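The values are calculated or read from the model by the stated rules, or taken from the named source; none is laboratory data. This is a predicted model, so every value here is computed, not measured. Here Cβ is always computed from backbone atoms with ideal geometry, including for glycine, and neighbour counts include all displayed protein chains. The accessibility values were calculated without ligands, DNA or RNA, using every heavy atom of the protein model including side chains. Shrake-Rupley method; radii C 1.70, N 1.55, O 1.52, S 1.80 Å.
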Amino acid sequence: MKINPEFAQKVIAGAIKRGADQAEVFMKTSKSLSVEIKEQAVDSLKSSTSMGYSLRVIRDGHLGFSYATSADDSDAVIARAIEAAGFSDADDFLDLPAPGLLADVNVFDPQLKAVNEDEAIKAVKLVEKSVFEADARIKKVRKASGSFSSSTTLIANSKGLNAGYESTACSAQVTAIAEQSGESQMGWDYDAGCFLRELSFEAVGRGAAQRAAQLLGSRKIKGCKGNVIIDNAVAADFMGIFASSLSSDAVQKGKSLLAGKAGRKVVSSRINMIDSGLLDGKLGSSPVDDEGVCSQQKTVILEGVLQTYLYNTYTGRKAGVASTGNASRGGFLTLPSVGISNLYLEPVSEMDVVPRAKIFEGVGTGLYVTEAMGVHTANPISGDFSVGVTGLWIEKGEAAFPVKEAVLSGNVLDLFGRIEAVGDDLRFYGNIGAPSLIIFGVDISA
């Protein structure tokens, strides 16, 4: 089945004829190739193709939904969606968006779409090879892998909306194991984006090797309340808590630590938090969201003050505001929910930025956190967390020794409220980006 605008209009017209007041068709086709390499040989090679469409109808204030993978099933899809509307509760906030412009953002790479198996295998072999070449203490590699995909999306509705676009994505990741004097340490690295030319497979391998090797010789430390540098990868993990808390759906259900805090200072006044679907080459970017609303850039936190939540059409109507272009779907099998596009953190002023090469000097004595285990277990409503961390102990502005089995605990809003400065090393992990963070007065326990 191919993306066919005429077919989408035919399904919409059929649904209206059968009694729907509004109707929407969401179509998506995708092709992906994933590779795992072990000892410079292919350990796993998977190729898949997915294609299908869904129909969402609103009839007398009731929602109906159905989907299929074949155009031949369109009559049945319409019938099931209309029937489903008869069993759902009435909801005055149901609506579909009106047509608008497509944002000017580049998320499609013809070179990536054309990648074949041999090219994909060669790229992932380079990940594994660069791990071993980076440091002689690297003895093993786990899951040197890469993925390469392309997709086409079409969203059309009975209000005249008709939006379509192509996108591509690629990623690479690897875990390295360093060994010395009977001790072993692991390090992981990852990169992803829409453009093949911007992903360095060698850099991913070198990054994992460095993270593993720098932890050899780790010691325990005594508990204290001290200063920390949170590496950009760990900072991105903590940003994930904000990603879920900014959802208007979570806020409206009382399941967000940011509920009721709009217009209030929630984090350090030294940082802004941005959600943008307009960044070329980033995984969370697209010309429109998954309902067809034009993608936007929003400053959700300005100088530490919460400005807005993220909305789709439904949650926006419920709150009496417009959609922020944050409708998100897992594919044609699901209804739209609310999700981030690209969420990232930036400094308010250049005065708050420390070059990465000098970032230890900004702490003096403290802990540089390179890995945190269990950030996802933080309480999404209270924001309380307690996570195991590893990293480097800093003394007099220099790395003194590696640290293992330490624990950071506290509250995520308090943690981000204590940010004193950020690094100049903003990096995206998927659709979440963060620089390294310098934070004072954090509880560190052994």
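Of note:
- Protection proxy ranking, peptides 378-385, 69-76, average beta carbon neighbours within 10 Å, highest first: 378-385, 69-76
- The radius of gyration of the Cα set in segment 90-196, together with its Dmax, comes out at 21.5, 68 angstrom.
- Cα-Cα over 28 Å, subset of Lys2/Lys143; Lys255/Lys358; Lys46/Lys298; Lys143/Lys225; Lys140/Lys220; Lys140/Lys225: Lys2/Lys143; Lys255/Lys358; Lys46/Lys298; Lys143/Lys225; Lys140/Lys225
- The charge dipole of segment 149-207, taken about its Cα centre with unit charges on the Cβ of Lys, Arg, Asp and Glu (plus for the first two, minus for the last two), comes to roughly 420 debye.
- Each residue of segment 347-355 is assigned a 3J(HN,Hα), and the resulting list reads x, 5, 9, 4, 5, 9, 9, 10, x Hz, derived from the Karplus form 6.51 cos²θ - 1.76 cosθ + 1.60 (θ = phi - 60°), x at Gly and Pro.
- The distance linking segment 399-426 with segment 66-101 is 47 Å (Cα centroid to Cα centroid, whole angstrom).
- Ligands, DNA and RNA left out, the accessible area of the chain computed with a 1.4 Å probe is 49% carbon and sulfur.
- If you take the alpha carbon atoms of segment 1-60 and fit the smallest convex hull around them, that volume is 84 Å³ per residue.
- Charge dipole (debye, nearest 20) of the chain; +1 at Cβ of Lys and Arg, -1 at Cβ of Asp and Glu: 540
- Between segment 228-259 and segment 172-224, the alpha-carbon center distance in angstrom: 25
- Relative protection proxy for 317-330, 84-97, from highest mean packing down: 317-330, 84-97 (other beta-carbon atoms within 10 angstrom).
- Hydrodynamic radius of segment 182-294 per Kirkwood, over alpha carbon pairs, in Å: 18.2
- Calculated P(r) of segment 196-236 - Cα pairs past 13 Å, %: 73
- Signed unit charges on C-beta, dipole axis of segment 258-337, positive-most listed residue Leu306, Gly260, Gly292: Gly260
- Long-range amide H partners of Ala400 with built H, under 5 Å: Trp393, Ile394, Glu395
- Evaluating kT/(6 pi eta Rh) at 37 °C and 0.692 mPa s, with the Kirkwood radius of segment 32-148 over Cα pairs in the Stokes-Einstein relation, gives 174 µm² s⁻¹.
- Largest first, the extents of the alpha carbon coordinates of segment 295-432 on the three principal axes equal 54, 33, 26 Å.
- Residue-wise HN-Hα couplings along segment 432-439, as the Karplus relation 6.51 cos²θ - 1.76 cosθ + 1.60 with θ = phi - 60° gives them from phi, are 10, x, 7, x, 5, 10, 9, 10 Hz; Gly and Pro carry x.
- Across the options Ile241, Gly223, Thr315, the greatest Cα extent toward the positive end of the charge dipole of segment 209-327 (unit charges at beta carbon of Lys, Arg, Asp, Glu) belongs to Gly223.
- Over all pairs of different C-alpha atoms, the chain has a mean inverse distance whose reciprocal, the Kirkwood radius, equals 23.6 Å.
- The protection proxy used here, the mean number of other Cβ atoms lying within 10 Å of each residue, ranks peptides 32-44, 408-420 as follows, highest first: 408-420, 32-44.
- Structure-based [θ]222 nm, the chain - -39500 (n - 2.57) summed over DSSP H runs of at least 4, per residue, nearest 500: -6000 deg cm²/dmol
- On Cα atoms only, tilt of 201-213 relative to the major axis of the chain in degrees: 40
- Nearest-0.05 FRET efficiency for Gln180 and Lys2, computed from C-beta distance (R0 41 Å): 0.15
- The mean accessible area for residues of the chain, using a 1.4 Å probe and ignoring ligands and nucleic acids, is 44 Å² per residue.
- Residue ranking by accessible heavy-atom surface, 1.4 Å probe, largest first, among Met27, Met51 comes out as Met51, Met27.
- Loop-located GluC sites (Glu not before Pro) across segment 315-379 with a Cβ neighbour count of 14 or fewer within 10 Å are Glu361, with loop assigned by DSSP.
- Summarising the amide proton neighbourhood of Ser268: residues at separation of 5 or more, or on other chains, whose placed amide H is nearer than 5 Å comprise Gly417, Arg418, Ile419.
- Using only side-chain charges placed at the Cβ, +1 for Lys and Arg and -1 for Asp and Glu, the dipole size of segment 289-390 relative to its Cα centre rounds to 300 debye.
- Dipole of the chain, positive direction: furthest Cα of Ala172, Val354, Thr370, with charges on the beta-carbon: Thr370
- Span from the segment 273-336 Cα centroid across to the segment 131-160 one, whole angstrom: 23
- Using a probe of 1.4 Å on the protein chains alone, the accessible area found for Trp393 is around 30 Å².
- Calculated from backbone phi, Karplus (6.51, -1.76, 1.60) coupling profile of segment 385-401 in Hz, x at Gly/Pro: 8, 8, 10, x, 9, 10, x, 10, 7, 10, 9, 6, x, 9, 5, 9, 6
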